[in-house]
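Peer 1: Okay, here's the structure, questions in a sec.
The values are calculated or read from the model by the stated rules, or taken from the named source; none is laboratory data. Being a predicted model, the structure only gives us computed values, none of them experimental. Neighbour counts run over all protein chains shown; Cβ positions are idealised from the backbone, glycine included. Quick note on the areas: whole protein, heavy atoms, side chains included, nothing else; ligands and nucleic acids left out. Shrake-Rupley method; radii C 1.70, N 1.55, O 1.52, S 1.80 Å.
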Amino acid sequence: MSIVTDTSILAGRTGPSGRLSDFFWRNPRILLLLMLTPPLLWLGVIYLGSLFALLLQSFFSIDDFSGLINYEFTLATYKQLLIPSNFDIILRTVLMAALVTLASAVIAFPIAYYAARYAKGKWKVIFYLGVMLPLWSSYLVKIYAWKLILAKEGILTWFLAKLNLLWLLEAWLSLPVVGGSSLSISYTGTFIVFIYVWMPFMILPIQASLERVPGNLIEASADLGGNPAQTFRFVLFPLALPGIIAGSIFTFSLTLGDYIIPQIIGSSRLFIGQAVYAQQGTAGNIPLAAAFTVVPIVIMGLYLWMAKRQGAFDAL
Amino acid sequence: MRSDRNASAPLGLKVAAGLGLAFLHLPILLIFLYAFTTEEKSYQFPPPGYTLQWFAVAWNRPDVWEAMGLSVRVASISTAVALVLGTLCAAAVSRTKFFGRETVSLLVILPIALPGIITGIALRSAFSFAEIPFSFWTIVLGHATFCVVVVYNNAVARFRRISGSLIEASMDLGADSFQTFRYIILPNIGTALLAGGMLAFALSFDEVIVTTFTAGQQSTLPIWMLEELVRPRQRPVTNVVAMIVVLVTFLPILGAYYLTRDGDQVAGGGK
């Protein structure tokens, strides 16, 4: 009798690995702790630690005469953000990020809608890879490609000359804000490259949200007399909105912090990223650089909070 | 009103989607054309002539090889670190429920959700504060931080599909946790880890923003390219390098796609 009751529960494992295995099975929390410690040490201590150290520095100020950091708690550095030249940088960056996000949504929507509703089988794969390859291919190479395209002697000028449309380019470049001596040193150029580089991040979330829209919903709207524009306005767009917001998190955040695109293709007017880079590098003003980085963090924090309320995270 | 399921797309939509995809791909194709141009000083289009000589010139440039070597070494080690950290995190988050679980996933995503310049400058000021000199390892530290999320995302998705009963069955049949990990879990998550690793490699190989803050005097391939973009010296060599970078990054992406494509058919996946 006793033999039966003994063997119905297996004997403990022998050997060091067996005993260790039993120990983990009985104490899952210790195993969990062991698994979480290395990543948390890395991300929580090294990464968050340096992030907080950076934020802390934004509350210090720099001595105007010696150029040394004055380790005293002050909001003076934040006040500097509000002087017109710095505030312009912030406004310019936020406006650019908003415009890039809007334009990306407009270009991405048809691609996402086609891929979600009409592409089948082989075409679905082609669309997926057609979005993933540009999304993942080299950031600098993409910028470089646009330098080739937008250069004065480049393909765009050649193409417009063939179509006898050069006057249009010249008229556009002579406009006050968006123009410049060539597309590669104008806001227009910066805008195009921003769209090109960040727009792919918009397509997949929109596609994911559109794939959840049943096809008969569109048909029902048509049957009830809605024309395509009304169907889009009252059925498709509201259902795709969480996806658009999810995608806009990427396009907005990535544009907000970029400092390489406006440096290579753009006018000499600074964006937040360039201001941070210049302040921490040549100017040696770490507190002001840190205060500048707080701007995108706060904006993204608000943005994520609003996005979460709209249910955008389910579309990711 | 048509209601057949295979209704074809309206012409306007087809054109808009087609133009959108063309917008995404034509600029990259242009890189391939320019690698063969005979023009040295400008970006003239159409190229006045075609030549293969720049491939030989680029091949004989020690600085390109050095930068490429550094990038490959950094990407390999960052990927290895990210694989370990990402898998541990994914396993912990998906197998158990614990207090602060949401915070852990937020923490993993944060390095890529925040603009790269913030990660870069934060690490740089931390290095200077702790008086750590810039080296190979400071670059790896930065890269591994944002590569974790790619591995984590792939691993979490796969862990969700592995049925818990599979692991219990293995334990009931007498395997200990290590054997279960070796013979049940690892084969099931293997392709997801490989895909995550490939994407992490591609991400690290291409990263420039964080690297400019953590590299000091060394140059990885993207840093080399950035210098050429800001102050062009050898345009033809840059063209060739750009083309090679495109080809090198396409391979892991295609590989990762084919590895995770059939992910739904994991053995025991249907719970």
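Peer 1: Taking B:Lys14 as the residue in question, decide whether it is within 9 Å of chain A (Cβ to nearest Cβ), of a type in the set (Lys, Arg) and either closer than 30 Å to A:Leu217 by Cα or touching a residue at least 24 places away in the same chain (Cβ under 8 Å) (or both).
Peer 2: yes
Peer 1: Within region B:29-44, restricting attention to residues that are open to solvent by less than 30 Å² (accessible area, probe 1.4 Å) and not in a helix (DSSP H, G or I), which residue is nearest to B:Ala58 (Cα to Cα)?
Peer 2: For region B:29-44, the residue satisfying everything is B:Ala35.
Peer 1: Related question: Pick from B:Ile109, B:Ile132, B:Ile167: which is within 19 Å of B:Ala192 (Cβ to Cβ), open to solvent by 40 Å² or more (accessible area, probe 1.4 Å) and among the hydrophobic types (A, V, I, L, M, F, W, C)?
Peer 2: Sole residue among the options that is within 19 Å of B:Ala192 (Cβ to Cβ), open to solvent by 40 Å² or more (accessible area, probe 1.4 Å) and among the hydrophobic types (A, V, I, L, M, F, W, C): B:Ile109.
Peer 1: Here are B:Thr96, B:Thr119, B:Thr103: which of them is within 30 Å of A:Pro287 (Cα to Cα) and open to solvent by 40 Å² or more (accessible area, probe 1.4 Å)?
Peer 2: Criteria check complete, one pass: B:Thr103.
Peer 1: Here is a follow-up. For the structure I just gave you, tell me whether A:Pro262 is out of contact with any Pro (no Cβ under 9 Å at 6 or more places or on another chain), outside any loop (DSSP other than H, G, I, E, B), open to solvent by less than 40 Å² (accessible area, probe 1.4 Å) and under 24 Å from B:Ile118 (Cβ atoms).
Peer 2: So A:Pro262 fits the description; yes.
Peer 1: Follow-up question, since we're still on this one. How many of the residues in region A:95-127 are more than 13 Å from chain B (Cβ to nearest Cβ) and touching a residue at least 24 places away in the same chain (Cβ under 8 Å)?
Peer 2: Counting residues in region A:95-127 that are more than 13 Å from chain B (Cβ to nearest Cβ) and touching a residue at least 24 places away in the same chain (Cβ under 8 Å) gives 5.
Peer 1: As an exercise: evaluate B:Leu194 against (1) farther than 16 Å from B:Ser76 by Cα; (2) part of a helix (DSSP H, G or I) and give the number of the one condition it does not meet.
Peer 2: It is condition (1) that B:Leu194 fails.
Peer 1: Still on this structure, please answer the following. Suppose the filter is more than 14 Å from chain B (Cβ to nearest Cβ) and at negative phi; does A:Leu48 pass it?
Peer 2: When the stated conditions are applied, A:Leu48 does not pass them.
Peer 1: If B:Phe213 meets every condition in (1) open to solvent by 40 Å² or more (accessible area, probe 1.4 Å); (2) more than 8 Å from chain A (Cβ to nearest Cβ); (3) not polar (S, T, N, Q) apart from one, which number is that one?
Peer 2: Status for B:Phe213: all satisfied but (1).
Peer 1: In addition: Which one of these is surrounded by fewer than 16 Cβ atoms within 10 Å (Cβ to Cβ) and not assigned by TED's automatic domain parsing to the domain that holds A:Val178: A:Leu95, A:Leu99, A:Leu68?
Peer 2: It is A:Leu68.
Peer 1: Could you list all residues from region B:87-126 that are under 26 Å from A:Leu256 (Cα atoms) and part of a loop (DSSP other than H, G, I, E, B)?
Peer 2: B:Leu114, B:Pro115
Peer 1: Continuing with this model, one more query. Which condition breaks for B:Asp206 when tested against (1) within 14 Å of the chain's Cα centre (by Cα); (2) charged (D, E, K, R); (3) on the phi > 0 side of the Ramachandran plot?
Peer 2: (3)
Peer 1: So how many residues does region A:199-222 have that are farther than 15 Å from B:Leu21 by Cβ and of a type in the set (A, V, I, L, M, F, W, C)?
Peer 2: 8
Peer 1: Then there is this: For B:Thr145, indicate whether it is touching a His at 6+ places or on another chain (Cβ under 8 Å), open to solvent by less than 20 Å² (accessible area, probe 1.4 Å), within 12 Å of another protein chain (Cβ to nearest Cβ) and assigned to a helix (DSSP H, G or I).
Peer 2: For B:Thr145, the condition - touching a His at 6+ places or on another chain (Cβ under 8 Å), open to solvent by less than 20 Å² (accessible area, probe 1.4 Å), within 12 Å of another protein chain (Cβ to nearest Cβ) and assigned to a helix (DSSP H, G or I) - is not met.
Peer 1: Here's another thing I want to ask about it. Name every residue in region A:117-139 that is touching a Ser or Thr at 6+ places or on another chain (Cβ under 9 Å) and open to solvent by less than 20 Å² (accessible area, probe 1.4 Å), in order of residue number.
Peer 2: A:Ser137, A:Ser138
Peer 1: For residues that are of a type in the set (A, V, I, L, M, F, W, C), open to solvent by less than 10 Å² (accessible area, probe 1.4 Å) and facing another protein chain (nearest Cβ under 9 Å), tally how many sit in region A:266-293.
Peer 2: Number of matching residues: 4.
Peer 1: If I ask for residues that are open to solvent by 50 Å² or more (accessible area, probe 1.4 Å) and among the polar types (S, T, N, Q), which ones from region B:221-239 would you list?
Peer 2: If the condition is that a residue be open to solvent by 50 Å² or more (accessible area, probe 1.4 Å) and among the polar types (S, T, N, Q), then B:Gln234 is the only one that fits.
Peer 1: Could you tell me whether B:Gly20 is farther than 17 Å from A:Trp146 by Cα, part of a helix (DSSP H, G or I) and out of contact with any Ser or Thr (no Cβ under 9 Å at 6 or more places or on another chain)?
Peer 2: No: the conditions fail for B:Gly20.
Peer 1: So, one more: Taking region B:172-182, which residues are among the aliphatic types (A, V, I, L, M) and surrounded by fewer than 16 Cβ atoms within 10 Å (Cβ to Cβ)?
Peer 2: The one that is among the aliphatic types (A, V, I, L, M) and surrounded by fewer than 16 Cβ atoms within 10 Å (Cβ to Cβ): B:Leu173.
Peer 1: Would you check which residues across region A:235-259 are open to solvent by 20 Å² or more (accessible area, probe 1.4 Å) and either basic (Lys, Arg) or more than 13 Å from every other protein chain (Cβ to nearest Cβ) (or both) and list them?
Peer 2: The answer is A:Val235, A:Phe237, A:Pro238, A:Leu239, A:Leu241, A:Pro242, A:Ile244, A:Ile245.
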